[in-house]
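These notes concern the structure reproduced below.
The values are calculated or read from the model by the stated rules, or taken from the named source; none is laboratory data. Keep in mind it's a predicted model, so treat the numbers as computed, not measured. Counting neighbours? That spans all protein chains shown, and the Cβs are built from the backbone with ideal geometry, glycine included. Ligands, DNA and RNA are excluded from the accessible area calculation, which covers all protein heavy atoms including side chains. Shrake-Rupley method; radii C 1.70, N 1.55, O 1.52, S 1.80 Å.
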Amino acid sequence: MQSQNPLLQNTTNFFFKLFKRQIFIPIAALLLLALFNLIADPSFFKIALGYNSAGDPVLSGYLITILDYGSELAILAIGMTLVTAASGGQDISVGAAIAISGSVVLRVLCGTNSRPETLQAPIIVAFLVSCVVAMLFGAFNGALVSVFKIQPMVATLILFTAGRSIAAWINNNELPIVKDATFSYFGSFIPGIPVPTPFFIALACIIIIHLALRFTNLGLYSQSVGINDKSSSLNGLNPAQIKFLTFVILGLCVAVAGFIKVSRLSSINYSVIAKDIEMDAILAVALGGNALSGGKFNMSASILGAYVIQFLTTTLYKFDVQSDALSAYKAVVVIILVILSAPIVREKLSSLFKALKPRQPSKEGV
Amino acid sequence: MSFLKKISSAGNKLRDKSKNITDTNLLLIITIVVFFLMYIGAMIFLGSGFLKAQTLFNILNANAALIIISCGMSLVMITGGIDISMGGVMALVSMSCAVYLDYHNGNVFTAILISLAIGLAFGLVQGFLIAYLDIQPFIVTLAGMFFARGMTTIVNSNPFNVQNQEFVALKETRVIMPGLGSINKAGNYVDAYIEIGVVVALIVVAVLFCVLKWAKLGREFYAVGGSNQSALMLGVNVKRTKFFSYLICGLLAGIGGFVYFMHVGSGSASHASGAEMNAIASSIIGGTMLTGGVGNIIGTLFGVLSLSTIQNIVASVGLDQAWWTGITIAAMLCLFLIIQSIVMSRKNNVSVKAVVKKAVRSKE
């Protein structure tokens with residue numbers, strides 16, 4: 001008995017430590033989903049090397065799909081985490097903003113003609129223009145939040161309504177189609193590389209944000225503003241400026257995600273592109289264990305959360321759930337997550353854990 | 001002398017009153033003035049259509065459901081919360097009722113009960129999560145919205161028109177407004193009419209106005225919205241009050257859903273898309289503050305009317321492409337939000353100049 005007890009205690013301690021780590025939540029969710037898929041259908045994890053219609057080697061399989069389609073979400077999760085941390089609210093206009101930036105990309109590439117044979121501008125120019133436009137819309141949201149002190153979700157509701165209309169207006173409600181092979185590489189595969197390009201773009205964004213968090217004060221400042229903006233302004237920070245900055249960074253993330261989205265189709269559908277992605281992005285932040293009321297955040301957990309969401313989406317698709325009905329399942333997941341992370345529930349849970357925990361040492365004493 | 005005194009005291013009273021035109025009344029007055037200016041402007045510049053009484057009634061007919069859910073929205077906004085699940089609930093109610101009436105040969109009375117039950121269920125769950133578990137209202141109701149939309153697709157994914165005779169008879173019932181009809185192109189006199197939904201909406205407005213003005217619960221809503229802490233110290237049960245606001249809001253979403261269903265007579269997953277947005281916009285335009293504690297149901301009614309009038313104007317000017325509606329609503333919402341923000345800063349004794357100065361400085 002005695003030899004078993006320390007072992008048991010060590011494992012429980014290890015478990016408690018892991019449980020307290022923030023990144024535990026997305027990892028646990030990922031393992032749960034993986035286990036579910038393993039039992040339901042092991043072929044979910046099969047990865048095959050095939051050839052696409054152009055004769056280039058490509059990897060295919062559900063896992064590759066997750067890595068591929070999860071990239072936009074991961075990129076958005078980066079910006080959304082910063083906005084959540086600094087302003088204590090979420091931006092619900094990201095889907096509409098993606099429609100706008102995608103529309104801008106196509107407008108620049110196609111010029112006035114909606115079906116051009118050749119590109120009217122270099123791709124990099126189109127991308128940069130869309131970055132500027134998306135950052136301007138981010139700045140608009142940021143200004144409403146930081147200067148006029150409107151709750152973030154209500155302020156972004158404006159763009160949420162108008163965004164898709166503006167996107168349609170930019171292209172005169174036409175649906176331009178780009179017939180350029182190079183443009184489609186960004187949303188699919190570069191010839192010769194079997195891994196989808198969006199994954200590399202997402203990887204680059206993740207590396208950049210980690211470098212930025214490590215070598216600048218961005219993370220520290222946005223967290224301190226989120227925790228208490230009065231005391232951080234007493235410490236010489238400008239809360240309005242930092243909130244504004246996070247919204248502009250989110251705008252940049254939106255531009256990158258929008259670029260990938262339009263590149264996938266080489267076209268755009270204003271009412272469907274990036275539909276419900278705001279829900280997924282918020283869900284990614286929540287699943288990463290970050291408080292939706294602002295303050296401390298863990299970027300890696302958010303990004304992992306984004307991929308877990310995509311894992312969930314792909315799993316649901318695999319079981320023939322209609323795309324419109326997906327949101328009902330995700331909503332249930334959100335509700336469960338927020339209930340578990342609510343302070344009152346947490347308190348009750350931790351007191352429950354405490355009631356369970358002290359018994360072991362007391363037993364030893366006896 | 002006493003006469004002079006009376007006059008001076010009356011003058012003082014007047015001055016006091018003009019001083020009392022603070023946030024609530026100022027925002028309300030702005031809304032009502034904006035509505036009348038817009039409508040009279042439309043009468044003068046666009047003529048014909050807007051001169052008929054039926055145009056106004058048509059605006060009411062088309063927006064009866066919106067009026068009802070906007071009232072609910074104002075209610076939760078007065079307590080300092082928000083509910084964006086209402087559009088989804090409306091879609092779910094109309095789809096459930098449509099499926100029940102057509103596929104299960106149901107009767108209208110049970111359909112009404114179903115819609116009320118759906119609304120109450122949403123109000124109950126959301127209210128519990130928000131009031132008693134202290135979760136952010138936006139997150140809970142965002143999840144509620146997505147849940148309702150998803151459930152609508154699960155109930156039935158294809159849009160269809162309801163053929164149930166009993167229901168169609170109810171849908172076609174019209175309340176004739178005597179003396180306000182007009183003469184159509186063929187030269188016949190056509191009665192002006194409103195639908196039953198409008199009557200329901202006006203009753204809801206009247207009841208809620210009375211509740212907010214005179215009932216204990218209504219005053220508690222304002223107290224909680226103004227300041228949680230002070231309300232608690234005054235002995236108001238804050239959690240229960242919040243819970244009731246969401247419960248009533250859910251019930252109104254159910255009623256609004258059925259009224260909407262009566263207007264369109266079909267079930268579809270894309271019904272009432274953006275309704276929550278319009279409801280929030282109407283409430284804000286009607287002078288309800290997002291920060292809570294300030295608001296008026298009459299203002300909300302005028303908010304809905306202004307919003308739909310501007311849409312009608314946009315349509316009749318010839319900008320009938322769908323995107324203009326979204327852009328005009330968003331622009332109007334933006335404008336009124338900024339007005340609110342300025343009013344708030346004035347309340348805190350900060351001049352508009354200071355706000356702008358601060359804004360400029362923070363941008364630098």
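Candidate cross-link partners of residue B:52 among the aspartates and glutamates, defined by an alpha-carbon separation under 18 Å and a same-chain spacing of 8 or more, comprise B:191, B:195.
Note on residue A:318/residue B:335: beta-carbon distance plugged into 1/(1 + (r/R0)^6) with R0 of 51 Å gives a FRET efficiency of 0.65. The Cβ shell under 15 Å around residue A:191 holds other residues with a net charge of -2, Lys and Arg each +1, Asp and Glu each -1.
What number in nm² do you get for the range B:23-345 if you take the convex hull of its Cα atoms and divide its surface by four? Working shown, then result.
Details: hull surface 69.7 nm².
Convex hull of Cα atoms, orientation-averaged projection: 17.4 nm².
Going from the isolated chain to the complete set of protein chains, the range A:225-260 loses at least 10 Å² of heavy-atom accessible area (1.4 Å probe) at A:238, A:240, A:241, A:244.
Within the set of other residues whose C-beta is less than 15 Å from the C-beta of residue B:134, count the net charge using Lys and Arg as +1 and Asp and Glu as -1. Each step should come with its number before you reach the end.
Details: positive: A:346, A:348, B:239, B:240, B:242; negative: A:347.
Once all neighbours under 15 Å are counted, the net charge is +4.
The modelled label-to-label distance between residue A:52 and residue A:149, using points 7 Å beyond Cα along the C-beta direction, is 5.2 nm. Distance between the pseudo-spin-label points of residue B:273 and residue B:175 (7 Å out from Cα toward the beta carbon): 3.2 nm.
Please compute the net charge surrounding residue B:111, taking Lys and Arg as +1 and Asp and Glu as -1 over other residues with Cβ under 15 Å from its Cβ. Please report the intermediate quantities before stating the final value.
Values: positive: B:171; negative: B:102, B:166.
Charge balance near residue B:111 sits at -1.
Note that the range B:23-98 carries a Kirkwood radius of 15.1 Å, evaluated over its alpha carbons pair by pair. Restriction of the chymotrypsin sites (Phe, Trp or Tyr not before Pro) in the range A:249-350 to DSSP coil positions whose beta-carbon has at most 15 other beta-carbons within 10 angstrom yields A:319.
Size of the protein assembly as shown from its Cα atoms: along the principal axes, largest to smallest, the extents are 96, 76, 63 Å.
For the pair residue A:345 and residue A:195 in one chain, pulling the backbone fully straight at 0.36 nm per residue adds 49.7 nm over the alpha carbon distance. Stretching residue B:161 away from residue B:234 to a fully extended chain increases their span by 21.1 nm, per 0.36 nm per residue minus the current alpha-carbon distance.
Solvent-accessible area lost on pairing B with A (1.4 Å probe, both sides summed) amounts to about 3600 Å².
Using a Förster distance of 22 angstrom, determine the FRET efficiency expected from the C-beta separation of residue A:136 and residue A:220, and round it to 0.05. Don't skip to the end; give the middle numbers.
Details: r = 27 Å, r/R0 = 1.22.
Calculated transfer efficiency: 0.25.
Quick check: at a probe of 1.4 Å, how many percent of the accessible area of the range B:23-345 sits on carbon and sulfur atoms?
On the way: 8530 of 12640 Å².
Carbon and sulfur together cover 67 percent of it.
Computed 3J(HN,Hα) for the range B:308-316, one whole-Hz value per residue from the Karplus formula 6.51 cos²θ - 1.76 cosθ + 1.60 where θ = phi - 60°, is 6, 5, 5, 5, 4, 5, 4, 5, 7, glycine and proline marked x. Under the simplified labelling scheme, the residue A:112-residue B:110 pair shows an inter-label distance of 6.3 nm, with each label point 7 Å from Cα along Cα→Cβ.
Rule-of-thumb check for the range A:24-321: C-alpha Rg over 2.2 N^0.38 Å? Walk me through the numbers before you get to the answer.
Working: Rg = 19.4 Å, N = 298, 2.2 N^0.38 = 19.2 Å.
The range A:24-321 yields a ratio of 1.01.
What FRET efficiency comes out for residue B:33 versus residue B:207 if R0 is 22 angstrom and r is the Cβ-Cβ distance? Round to the nearest 0.05. With R0 = 22 Å, the Cβ-Cβ based efficiency is 0.25.
Counting only Cα atoms, I'd like the Rg/Rh figure for the range A:103-155, Kirkwood definition for Rh.
Working: Rg = 15.5 Å, Rh = 12.7 Å.
We get a ratio of 1.23 for the range A:103-155.
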